[in-house]
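Notes for the one structure printed next.
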Amino acid sequence: MKFQPLGDHILVEVAVKEEKTASGIFLPDTVKKDKPQTGKVVAVGKGKVDENGKLIPMEVKPGDEVMFAKYIGAELKMDGVDYLIISERDVYGVFQD
């Protein structure tokens, strides 16, 4: 199944949160309260249309590793993988190599 975001929306594959510490201690689900805030952009919409009808292209592209706001977006699960559909305005930045 494929999913194509519309407008200024982005499909992000959510980063899997580490389930154990650096010293090898496994964390129970009750400790892992925070939702991940990073992920990989899988697909993007065409962009936002301004009040004059001009298309503003997306700044992020598929493959970008991004950091985004907590507790936003719509959750989507496809083929056993967790995704978020978020707006580009909720992306704080792109990780650079």
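The values are calculated or read from the model by the stated rules, or taken from the named source; none is laboratory data. Predicted model, so just to flag it, every value in this text is computed and none were measured. Every residue, glycine among them, receives a Cβ derived from its backbone with ideal geometry; neighbour counts consider all protein chains shown. Heavy atoms of the whole protein, side chains included, go into the accessibility calculation; ligands, DNA and RNA do not. Shrake-Rupley method; radii C 1.70, N 1.55, O 1.52, S 1.80 Å.
Brief remarks on what is shown
- Test: residue in the stretch 71-83 that is of a type outside the set (Ser, Thr, Tyr), surrounded by 13 or more Cβ atoms within 10 Å (Cβ to Cβ), farther than 11 Å from Val12 by Cβ and within 10 Å of the chain's Cα centre (by Cα): no
- Matching residues, the stretch 42-70, being open to solvent by 60 Å² or more (accessible area, probe 1.4 Å), within 12 Å of Ile10 (Cβ to Cβ) and more than 10 Å from the chain's Cα centre (by Cα): Lys46, Lys48, Glu59, Lys61, Pro62
- Of all residues in the stretch 19-45 being closer than 16 Å to Met67 by Cβ and assigned to a loop (DSSP other than H, G, I, E, B), the one that is modelled with the highest pLDDT: Gln37
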